[in-house]
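Engineer: Take this structure first; my questions come after.
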Amino acid sequence: MKRIKETNRLLAENLVRSIMKDYEACGIAAAIIDKNGVTQYEKFWGVRDLESRKELDGETIFGLASVTKSFTALAIMQMEERGILKLDDPVSRYVPEFTNKNQKTVTIRHLLTHSGGFFPLPRILVDQVAAEMGLDEKAVGDLAYNDALADEGVRRVAERLDAQTEESGLNGEPGEYLSYCNDGYGLLSDIIRRHGGEPSYAEYLLKNIIEPLGMKRSFCDFVRPSLDVNAATLYKKVNGVMTASRDYHDHAFVLNGGGAMKSTLNDLKKYLAMYLNEGKTPEGIRILGSTGIREMCRPRQDYGAFGYYGYGLSMKRLDDLKVVEHGGSLPGVSSNIAWSNEVEAAVIVLCNTSGVPVRLISDALMRMYNGRNPVDRRDVWQETSWDEETILEAQGMYISGEGTKAELYRKKDGSLGARENGKEIPIIPVGPKTAIVRNQYSDLFIRLIQNESRGIYAIAYGSRLIPKSRQEKREEGE
């Protein structure tokens with residue numbers, strides 16, 4: 001039996017307070033459950049609204065952002081189990097707008113593992129598309145359920161993915177590299193909408209996952225959380241000032257499968273208990289067969305430095321534990337779910353503030369429950385150096401369609417330097433073509449991507465592959 005030691009609890013909670021202070025987090029809700037869905041630990045820090053000082057509780061609605069991808073993958077696996085589709089089928093069979101004209105066949109499996117071959121692209125926003133179509137939510141109802149919007153959204157997403165070529169926009173062949181791709185999960189949600197037997201992606205999740213699990217305050221709706229008296233106010237920094245909003249449309253992708261879910265701590269306890277029981281609730285209600293759950297959790301693509309990605313979920317080692325998890329980030333949203341079958345426990349961390357490293361809190365609570373020191377000791381890296389030829393070939397700007405601008409350059413002393421969005425960042429080479437950026441609480445892993453024909457043409461920057469631009473190389477001080 002795993003026990004929470006008082007010393008470890010204090011260390012974990014001190015870490016949460018430090019992270020909240022350093023990131024100006026407004027409110028955090030966290031819980032640990034066992035395999036039976038019984039709460040073993042629960043705590044709330046801060047508030048759901050700074051102005052009213054209203055407190056958080058287990059029924060407070062938070063945005064989940066990319067934790068939604070686990071719901072999307074679960075739905076696809078249900079459809080595969082029911083014989084509606086096969087994971088190695090071409091995406092174009094189910095989404096004819098995607099013609100797949102400029103690359104080898106992209107399959108459903110490729111999209112599930114973010115390995116369709118696409119570099120990050122700017123978000124196609126739900127509000128923008130709806131406005132261009134003249135859709136007034138007050139007249140047509142919540143945009144999460146609007147069929148015309150979904151039709152237009154998938155047309156736009158498919159059209160721009162089809163426009164990608166090896167010269168511009170493709171990072172390799174399908175299955176070759178992982179590069180986190182919201183567009184791909186958008187196409188998956190459209191497969192669910194069109195072929196899942198329900199009028200929309202949102203309704204499919206309600207009928208096949210949310211309602212069977214008894215998750216009464218979970219949904220994809222945009223309007224409902226903004227009106228709910230117990231929904232978290234969303235906080236993000238704008239020009240250095242923390243700003244409040246009740247707009248759950250903010251930065252939302254036009255197709256819902258990558259980040260539209262909202263939920264509560266209590267509802268997610270039911271969701272995580274299902275995974276701990278390999279696809280069924282502690283009461284025996286089956287959501288997906290155990291084989292399907294294990295397939296979701298099977299390592300398939302390298303993810304970061306030491307992790308892997310399966311289907312809508314990532315896997316890693318946390319000390320002596322195997323942990324399955326997924327996080328999410330949107331304006332006013334930082335979320336993480338995680339579980340380990342070895343300790344038969346799951347951790348949920350939800351926050352109503354952008355950019356808060358809640359995964360580190362999740363790790364601390366998992367260690368605490370496992371009887372370990374919860375404070376991350378940081379990975380031990382063997383520092384090295386890149387040779388001059390590698391630095392000269394690698395230096396330049398790497399620009400993501402999502403807005404990140406990373407620069408590698410040769411310093412005057414010949415060593416490697418780096419900037420992100422114009423700001424100097426500490427980069428440490430740890431292998432002949434790998435490095436880390438050392439942040440306050442965690443490290444970002446970097447790997448050079450190259451082949452014989454293209455040379456160094458991209459970097460793996462955390463979970464994304466970012467292409468190298470044609471901007472001229474420069475040295476420090478130039």
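Engineer: Once you list every other residue whose beta carbon is under 15 Å from the beta carbon of VAL16, what net charge do they have if Lys and Arg are +1 and Asp and Glu are -1?
Structural biologist: Within the 15 Å Cβ shell, the charges total 0.
Engineer: Shifting gears a bit: Just tell me which lysines come within less than 27 Å, Cα to Cα, of LYS411; anything on the same chain fewer than 8 places away is out.
Structural biologist: The qualifying lysines are LYS423, LYS433, LYS468, LYS473.
Engineer: Quick one: order GLU6, GLU24 by neighbouring beta-carbon count within 10 Å, fewest to most.
Structural biologist: Going from sparsest to densest Cβ surroundings: GLU6, GLU24.
Engineer: Express the Stokes-Einstein translational diffusion coefficient of segment 219-260 in µm² s⁻¹, to the nearest whole number, given a Kirkwood radius over alpha-carbon pairs, 25 °C and a viscosity of 0.890 mPa s.
Structural biologist: Stokes-Einstein gives a translational diffusion coefficient of 214 µm²/s.
Engineer: Now for a different question. Given H placed 1.01 Å from N in the peptide plane, which residues other than close sequence neighbours of ASN171 have an amide H under 5 Å from its amide H?
Structural biologist: PHE118, PHE119
Engineer: Here's another thing I want to ask about it. For a protection proxy built on the mean count of beta-carbon atoms within 10 angstrom, sort 111-117, 339-345, 283-289 highest first, please.
Structural biologist: Result, highest mean first: 111-117, 339-345, 283-289.
Engineer: Obtain the radius of gyration and the Kirkwood radius of the chain from its C-alpha atoms and give Rg over Rh.
Structural biologist: We get a ratio of 0.95 for the chain.
Engineer: I would also like to ask the following. Amide H to amide H, which residues 5 or more places from GLU55 or on other chains are under 5 Å from it, using H placed in the peptide plane?
Structural biologist: It is ARG48, by chain and number.
Engineer: Fewest first, what order do PHE253, PHE118 take by the number of other Cβ atoms within 10 Å?
Structural biologist: With the fewest neighbours first, PHE253, PHE118 line up as PHE253, PHE118.
Engineer: Next question. Return one quarter of the surface area of the convex hull spanned by the alpha-carbon atoms of segment 388-467, equal to its mean projected area, in nm².
Structural biologist: It is 5.5 nm².
Engineer: Moving to a separate point now. Using the count of nearby Cβ atoms within 10 Å as a rough guide to exposure, how do THR434, THR353 rank from fewest to most?
Structural biologist: Arranged by neighbour count, lowest to highest, THR434, THR353 become THR434, THR353.
Engineer: Loop-only check: which GluC sites (Glu not before Pro) in segment 85-182 are DSSP coil with at most 12 other Cβ within 10 angstrom?
Structural biologist: Those satisfying the criteria are GLU167.
Engineer: Moving on to the next point. Using the structure shown, list the pairs from LYS43/LYS69; LYS21/LYS412; LYS237/LYS316; LYS43/LYS280 with a Cα-Cα distance above 28 Å, or answer none.
Structural biologist: LYS21/LYS412; LYS237/LYS316
Values in this text are rule-based calculations from the coordinates and carry no lab data. Just so we're clear, the structure is a prediction, and the values are computed from it rather than from any experiment. When we count neighbours, we look across all protein chains shown, and the Cβ atoms used for this are built from the backbone with ideal geometry, even at glycine.
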